[in-house]
Amino acid sequence: MSELALLLFLAIVVLLWFESRRVQEIAVARCRRACRQAGMQFLDDIAPAWRIKLARDADGVLRLRRIYTFDYSTPLGERRSGSIVMLGRTPVTIDLGDGVTDQHEA
């Protein structure tokens, strides 16, 4: 019985890891697109998770709310930081600083 419990636990951990990677891929793609639309260059091609907590979406469903940070470059070559808020797999807000914010409905 303990082997079955261990296998179940490992399966859950692997599924959570794959889901986390998928959400991060969505966040990176959305950040890349937002930077391109704003005339900026998305740097390093990564967006590490900065903060994770539970939150409810518009339908009241409990989901993980993740904030990812990323770096981008302005046309003048200045390196700046931005962030994206993901609620489940849905991008909620992308902040490029300097008043450039892209908001979506969750």
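The values are calculated or read from the model by the stated rules, or taken from the named source; none is laboratory data. For clarity, every value in this text was computed on a predicted model and none was experimentally measured. Glycine gets a Cβ as well: all are built from the backbone with ideal geometry, and neighbour counts include every protein chain shown.
Here L64 passes the criteria (1) part of a strand (DSSP E or B); (2) at pLDDT below 90; (3) of a type outside the set (D, E, K, R) except the one numbered (2). Here D95 meets each of (1) over 11 Å from A27 (Cα atoms); (2) at pLDDT 90 or above; (3) surrounded by fewer than 18 Cβ atoms within 10 Å (Cβ to Cβ) with one exception, condition (3).
So in the stretch 1-33, with the set limited to residues that are among the charged types (D, E, K, R), without any contact (Cβ under 8 Å) to a residue 40 or more places away in the chain and surrounded by 11 or more Cβ atoms within 10 Å (Cβ to Cβ), which one is farthest from R79 (Cα to Cα)? I'd like the intermediate steps shown before the answer.
First pass over the stretch 1-33, keeping only residues among the charged types (D, E, K, R): 3, 19, 21-22, 25, 30, 32-33.
Still in the running and without any contact (Cβ under 8 Å) to a residue 40 or more places away in the chain: 3, 19, 21, 25, 32-33.
Then drop every residue that is not surrounded by 11 or more Cβ atoms within 10 Å (Cβ to Cβ), which leaves 19, 25, 32-33.
Values: E19: 30, E25: 22, R32: 15, R33: 17 Å.
The selected residue is E19.
Residues in the stretch 70-85 that are free of Cβ contacts under 8 Å to residues at least 40 places away in the same chain, touching a Ser or Thr at 6+ places or on another chain (Cβ under 9 Å) and aliphatic (A, V, I, L, M): 1 in all. Pairing residues of the stretch 41-52 that are over 17 Å from R21 (Cβ atoms) with residues that are modelled with pLDDT of 75 or more and basic (K, R), at Cβ distances under 8 Å and at least 6 apart in sequence or on separate chains, gives F42/R32; F42/R36; L43/R79; R51/R66.
One residue stands out among those in the stretch 13-61 that are assigned to a loop (DSSP other than H, G, I, E, B) and farther than 16 Å from I94 by Cα: the one that is modelled with the lowest pLDDT, which is D44. One residue stands out among those in the stretch 58-69 that are of a type outside the set (G, A, S) and out of contact with any Ser or Thr (no Cβ under 7 Å at 6 or more places or on another chain): the one that is nearest to E25 (Cα to Cα), which is R66. Here is the figure for the stretch 67-88: residues that are in a strand (DSSP E or B) and at positive phi total 0. With respect to the conditions (1) within 15 Å of the chain's Cα centre (by Cα); (2) closer than 18 Å to S83 by Cα; (3) without any contact (Cβ under 8 Å) to a residue 24 or more places away in the chain, R36 falls short on a single one, namely (1).
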